[in-house]
Amino acid sequence: MTTLVCFGFGYCAQHYVAQHGNRFDRIVGTTRSAERAADLAARRYGGHELEMLEFDGVSASDELKSAVREAQALLISSPPTDAGDPVLAALGDTITEDLSIESVVLLSTLGVYGDHGGAQVDETAECRPVGDRNRARVAAEAAWQALGERTGIPVAVLRLAGIYGPGQNAITNLEAGRGWRIVKPGQVFNRIHVDDIVQAIEACFARAADGVFNVADDEPTPPGDPVVFAASLLGREPPPEWPFEEAVKHLPPMAASFYAECKRASNAKLKRELGVTLRHPTYREGLTSLFEARQPAG
């Protein structure tokens with residue numbers, strides 16, 4: 001029996017299990033509350049049954065430890081804290097005491113690179129994290145890679161661009177009245193459709209990949225471009241431009257922090273070493289697909 005344990009059964013993990021859960025005989029997910037665990041366990045993702053366990057990020061139950069001991073694959077998407085990676089803190093000894101694990105995939109972020117003034121960054125670029133959240137990501141990456149070096153377990157670190165997909169995209173934002181068209185001269189972002197994140201995760205497990213990979217689209221663009229394109233799909237006028245100097249006064253701190261960094265992420269290694277061909281190489285293909293999927297048949 002092959003077992004996958006997903007720490008932090010959120011958006012990306014849910015889509016991965018829905019599309020590739022048949023790779024495993026048993027799938028275990030974690031979330032921070034018993035109520036949320038019960039809710040997720042009652043659902044089906046791609047028709048796959050799921051066992052949900054509570055994990056508060058501090059202590060692990062005997063049931064969770066047992067699942068880890070039986071696991072061949074770990075998908076880590078729960079975020080680290082200032083105190084470190086919660087999975088390693090609570091289960092590091094369990095992971096290393098019985099080396100049944102054949103592959104670990106850690107979901108991280110392009111935010112670890114910090115600001116590069118719009119220059120292209122590949123996986124060899126210097127990490128200049130801005131803020132405690134991204135500094136914690138850098139530390140978590142290093143801790144998981146160190147575990148891999150000590151044990152020989154392949155650890156793939158996927159540095160994700162801005163995630164979009166069903167229910168989480170510029171189209172739904174516009175329809176909800178959140179389609180801000182923020183303008184900051186020179187600012188560009190990469191994005192990545194969740195289907196392409198799923199592809200990258202699956203490639204890592206299939207190849208027992210080791211190392212760091214940028215998971216980003218082919219075309220970093222100004223932040224307002226997808227909003228304008230989404231508005232055209234909906235047949236409406238795009239929202240007015242909102243200068244960043246004014247927008248930053250109203251944005252939540254986390255949203256505003258993204259604008260402190262500017263870089264263009266290279267995805268060449270993702271394609272070359274993991275064999276990934278993006279289904280949605282730019283936001284245009286991704287948003288068009290999402291728009292078409294929401295249209296009623298006929």
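Any read-out appearing in this document is the output of simple, stated calculations on the displayed coordinates, not a laboratory observation. These numbers were taken from a predicted model, which means no experiment stands behind them. Backbone-built Cβ (ideal geometry, glycine too); neighbour counts: all protein chains shown.
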Under-5 Å amide H pairs with Gly114, H placed in peptide plane, nonlocal only: Arg128, Val130
query: In terms of Cα to Cα distance under 16 Å, which lysines are near enough to Lys184, apart from those fewer than 8 places away along the same chain?
result: Lys249, Lys263
query: In the range 74-199, what percentage of the DSSP-assigned beta bridges are antiparallel, given to the nearest 5?
result: 15
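If you take the beta carbon distance between Thr2 and Thr172 as r and set R0 to 30 Å, what does 1/(1 + (r/R0)^6) give as a FRET efficiency, to the nearest 0.05?
The computed FRET efficiency comes out at 0.30.
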query: In the neighborhood of Ala34, defined by Cβ-to-Cβ distances under 14 Å, what is the net charge if each Lys or Arg adds +1 and each Asp or Glu adds -1?
result: -4
- prompt: Quick one: helix 194-207 against the long Cα principal axis of the chain, what's the angle to the nearest 10°, folded into 0 to 90?
  reply: 30
- request: Neighbouring Cβ atoms within 10 Å as the yardstick, rank Tyr16, Tyr164, Tyr11 fewest first.
  value: Tyr11, Tyr164, Tyr16
task: Please turn the phi angles of the range 114-131 into ³J(HN,Hα) values with the Karplus equation 6.51 cos²θ - 1.76 cosθ + 1.60 (θ = phi - 60°), one per residue in order, whole Hz, x for glycine and proline.
output: x, 8, 10, x, x, 6, 6, 10, 10, 5, 8, 5, 5, 8, 10, x, 9, x
Estimated inter-spin distance, Ala146 and Lys65, nm [label 7 Å along Cα→Cβ]: 2.3
statement: Rounded to the nearest 10 degrees, the helix 86-97 long axis (Cα) sits at an angle to the longest Cα principal axis of the chain of 40
query: If you plug each phi of the range 252-268 into the Karplus form 6.51 cos²θ - 1.76 cosθ + 1.60 with θ = phi - 60°, what whole-Hz ³J(HN,Hα) values come out, in order, with x for Gly and Pro?
result: x, x, 5, 5, 5, 5, 4, 7, 7, 10, 9, 6, 10, 8, 7, 10, 4
- request: Give, in nm to one decimal, the length gained when the segment between Ala260 and Ala41 is fully stretched (0.36 nm per residue of separation minus the Cα-Cα distance).
  value: 75.0 nm
- request: Calculate the spin-label point distance for His250 paired with Cys127, positioning each point 7 Å from the Cα along the beta-carbon direction, and give it in nanometres.
  value: 3.6
In Hz, Karplus ³J(HN,Hα) per residue of the range 30-42 (6.51, -1.76, 1.60; θ = phi - 60°; x = Gly, Pro): 10, 8, 7, 10, 5, 5, 5, 4, 5, 5, 5, 5, 7
- prompt: Around Ala265, which amide H atoms from residues at least 5 apart in sequence, or from another chain, sit under 5 Å from its own amide H, with H modelled in the peptide plane?
  reply: Val121, Asn190
task: Putting +1 on Lys and Arg Cβ atoms and -1 on Asp and Glu Cβ atoms, find which of Ser100, Val212, Thr2 reaches farthest to the positive end of the dipole of the chain.
output: Val212
message: Checking the a/c ratio against 1.5 first, then a/b against b/c, what shape does the Cα gyration tensor give for the range 139-298?
response: oblate
statement: Rounded to the nearest 0.05, FRET efficiency between Thr288 and Glu49 (Cβ-Cβ, R0 30 Å) equals 0.35
message: Between Asp56, Asp217, Asp39, where does the largest GNM mean-square fluctuation fall for the chain, given springs only between Cα atoms within less than 10 Å?
response: Asp39
message: Cut-off is 10 Å between beta-carbons; in what order do Leu75, Leu53 appear when sorted fewest neighbours first?
response: Leu53, Leu75
message: Taking every alpha carbon pair in the range 184-251, what does the distance histogram look like in 5 angstrom bins from 0, in percent?
response: 3, 13, 16, 17, 16, 12, 9, 7, 5, 1
- request: Would you compute the Debye intensity of the range 1-126 from its alpha-carbon atoms alone, equal scatterers and no solvent, and pass along log10 I(q)/I(0) at q = 0.14, 0.15, 0.17, 0.19 Å⁻¹ to two decimals?
  value: -0.64, -0.72, -0.88, -1.04
- prompt: Just the Cα atoms of the chain, one point each, no solvent: what log10 I(q)/I(0) does Debye give at q = 0.11, 0.15 Å⁻¹?
  reply: -0.69, -1.25
message: Using only Cα atoms and rounding to the nearest 10 degrees, what angle (0 to 90) does helix 283-293 make with the longest principal axis of the chain?
response: 80
task: With +1 on each Lys and Arg Cβ and -1 on each Asp and Glu Cβ, and nothing else charged, work out how big the dipole of the chain is about its Cα centre, in Debye to the nearest 20.
output: 620
